[in-house]
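The values are calculated or read from the model by the stated rules, or taken from the named source; none is laboratory data. Just so you know, these numbers come straight off a predicted model, no measurement behind them. Backbone-built Cβ (ideal geometry, glycine too); neighbour counts: all protein chains shown. The area values use the complete protein model at the heavy-atom level, side chains included, leaving out ligands, DNA and RNA. Shrake-Rupley method; radii C 1.70, N 1.55, O 1.52, S 1.80 Å.
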Amino acid sequence: MSLQVLAPNVFELGASHRDRPMFDALMPLEYGTSYNTYIVVGETHTALIDPVDPMKVDVLLRNLKEAGIEKVDYIINLHTEQDHAGSTPVIMKLYPEAQLVATKAVVDLMETHLHIPREQFRIMAAGETLDLGGRTLEFRPIPFAHWPDNTMVYLVEEGILFSSDLFGAHFAMEENAYHTSSEVLAAATRAYYAEIMMPYNVQVTKYTMQTRELNPRIIAPAHGLIWYDPDFVLSLYETYTGERKRQNVIVGYVSMHDSTRVMVETLAIQLARRGVEYSVRNLVSKPADLMVETGHMSTELVDAAAMVIAGPTVLTGPHPAAAYAAVLFNALKPRVKYFGFMGSYGWGGKAAETIEALTSNLKAERLSPLMIKGLPTEADKEAIRAWADELADKVLALPDPLK
Ligand code: FEO
C-alpha cells in the first residue's frame with residue numbers, strides 16, 4: 001500500500017493514477033496524477049480529509065483497511081469536484097457513524113453535484129476549528145483557487161496545511177516521488193498551475209502571500225507531492241503570479257496548404273534575427289495531438305511575454321484548431337503582455353474577427369491581425385517581418401528577468 005507519514009498519526013493514504021492520459025480532457029498528464037486522502041488521528045477523534053476520485057476508490061478502501069483505520073469520526077470535504085469528493089458516499093457507508101464536515105460553499109455544491117443533503121453536514125465558518133483531542137483543524141476558505149468552494153485546513157499543533165487543489169501537481173506519487181529531480185517537480189507544478197490556477201491569478205497571489213505569512217511546516221495538497229519544504233512550491237508560485245515575464249514569444253499554429261506555415265517560419269526567422277527567444281508549436285502535427293499540444297503550450301504561457309496564434313481560413317472562419325486554442329487560452333487567461341493572430345485565406349472570410357471575439361478575456365495588448373491571401377509573396381514576407389519587428393520591439397522593451 002501507499003502511505004506517507006507527515007507526523008505521528010497524520011498520514012496520506014490516497015491513490016495514484018499513473019496511467020491517466022489527460023486531466024479534465026484538457027491537459028496531458030506527463031507524470032500521471034494522484035488524489036490525496038489524509039488521515040488525522042487525535043486523542044478523541046479521527047478525521048479523514050478528501051476521499052479520492054471514484055475511479056480509484058478501490059485503492060483507498062484497500063489502503064484504509066491495510067492501515068487499520070476502523071473508526072472515522074469526521075469526513076472532511078475541502079472541495080466538491082469529483083476527483084476529491086466523488087467517493088464520499090462510499091466512505092460514508094464504510095463509516096456510518098462519521099459526521100460530514102465542510103464549509104457552506106462546499107455544502108451548497110455537494111447538494112447539486114453528489115446529491116448529499118445539507119442536513120447531513122456540520123458547516124464550518126472561516127476560522128472555525130474542529131477539535132480532535134489535542135489536535136485542532138482550522139478551516140481557511142480559499143474561494144476561486146480554483147472553485148468557489150476550495151478550503152484549506154490547518155493542523156495547528158503540527159503546522160501542516162492541507163491546501164486542497166492549491167499548490168498541487170499532477171504527479172503519481174508512489175511510482176515517482178522517490179526518484180525524481182527538482183526540475184521534474186517544478187515542471188509538473190507549472191503544468192498544473194497553468195490549467196488549474198492561472199485563470200485566478202488575483203486570488204492565488206493573495207493565498208500565496210497568506211501562506212507565506214502562516215509559514216506552515218508542511219503543505220499537503222490534494223494532488224501530487226507533499227511539500228516538506230514549503231519554500232520550494234511557494235517560490236514557484238511567487239514566480240508564476242509575479243509581474244516579471246520572459247522576453248519571449250510563444251507561437252501555436254495550424255496550416256492546411258503551407259501558407260500559414262510559411263508565415264510562421266518567416267515570423268520565427270525574424271524573431272531570431274532580433275534575438276527574441278521563441279517557441280513554435282504545430283498544434284496538429286499529428287491529428288490526435290491538438291489537446292496535447294495546446295496543453296503544453298498553456299504551460300509555456302505561464303511566464304511568457306507574448307502569444308501568437310496562427311491559422312488558415314476554413315470556409316469563412318478560422319481553422320477549428322486555431323479556434324480551439326483561442327477558446328482554451330481565453331479560459332486559462334495567461335497574463336501575456338502581447339497577443340497577435342496571423343493567418344491566411346483563400347478568397348475571403350472573417351477568421352481574424354472570430355479569433356478576436358474568442359479571445360475577449362485576454363488583457364494583452366493586441367497587434368493588428370495579419371492576414372495574407374494565398375501563399376506569401378516576397379512583399380507579404382516583408383509585411384510579416386515588419387509585424388515580427390513590432391512584436392520584437394515590444395518584447396525586448398520589457399525588463400530582462402535575468403538582470
Ligand atoms: Fe482536483 Fe478542483 O479538483
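If I filter the stretch 266-276 for residues that are surrounded by fewer than 23 Cβ atoms within 10 Å (Cβ to Cβ), more than 16 Å from the ligand (Cβ to nearest atom), free of Cβ contacts under 8 Å to residues at least 24 places away in the same chain and part of a loop (DSSP other than H, G, I, E, B), do I get at least one hit?
No, there is no match, as no residue in the stretch 266-276 is surrounded by fewer than 23 Cβ atoms within 10 Å (Cβ to Cβ), more than 16 Å from the ligand (Cβ to nearest atom), free of Cβ contacts under 8 Å to residues at least 24 places away in the same chain and part of a loop (DSSP other than H, G, I, E, B).
Here are some residues: I160, I123. Which one is among the β-branched types (V, I, T) and open to solvent by 20 Å² or more (accessible area, probe 1.4 Å)?
Every option except I123 fails the conditions.
Going through the stretch 358-379 one residue at a time, which ones are in a helix (DSSP H, G or I) and either free of Cβ contacts under 8 Å to residues at least 24 places away in the same chain or among the small types (G, A, S) (or both)?
Selection gives E378, A379.
Given the criteria under 17 Å from the mean Cα position of the chain (by Cα), under 26 Å from Y240 (Cβ atoms) and more than 12 Å from the ligand (Cβ to nearest atom), does T151 qualify?
In short, no.
Within the stretch 203-225, which residues are over 12 Å from G159 (Cα atoms), of a type in the set (A, V, I, L, M, F, W, C) and modelled with pLDDT of 95 or more?
Correct list: V204, M209, A222.
Would you confirm whether any residue within the stretch 187-194 is closer than 21 Å to T299 by Cα and more than 16 Å from the ligand (Cβ to nearest atom)?
Taking every residue of the stretch 187-194 in turn, at least one turns out to be closer than 21 Å to T299 by Cα and more than 16 Å from the ligand (Cβ to nearest atom).
Filter the stretch 227-256 down to the residues that are surrounded by fewer than 17 Cβ atoms within 10 Å (Cβ to Cβ) and in a loop (DSSP other than H, G, I, E, B) and list them by number.
Matches in the stretch 227-256: Y228, D229, G242, E243, R244, M256.
Considering each residue of the stretch 141-157, count those that are crowded, with 24+ Cβ neighbours inside 10 Å and more than 29 Å from A331 (Cβ to Cβ), and give that number.
Total meeting the criteria: 1.
Just need a number here: residues in the stretch 68-107 that are open to solvent by less than 40 Å² (accessible area, probe 1.4 Å), within 16 Å of the ligand (Cβ to nearest atom) and either closer than 20 Å to P54 by Cβ or charged (D, E, K, R) (or both).
Count: 14.
Filter the stretch 200-224 down to the residues that are within 16 Å of the ligand (Cβ to nearest atom) and open to solvent by 20 Å² or more (accessible area, probe 1.4 Å), then identify the one that is farthest from V302 (Cα to Cα).
Here the residue is Q203.
Would you please name the residue that is surrounded by the most Cβ atoms within 10 Å (Cβ to Cβ), looking only at residues in the stretch 292-319 that are over 24 Å from the mean Cα position of the chain (by Cα) and of a type outside the set (S, T, N, Q)?
By that ranking, first place goes to G311.
On the given criteria, is I355 assigned to a helix (DSSP H, G or I), farther than 30 Å from V202 by Cβ and either in contact with a Phe, Trp or Tyr (Cβ under 6 Å, 6 or more places away or on another chain) or open to solvent by 40 Å² or more (accessible area, probe 1.4 Å) (or both)?
no
Scanning for something of a type outside the set (A, V, I, L, M, F, W, C), touching a Ser or Thr at 6+ places or on another chain (Cβ under 8 Å) and open to solvent by 30 Å² or more (accessible area, probe 1.4 Å), does the stretch 392-401 turn up at least one residue?
no
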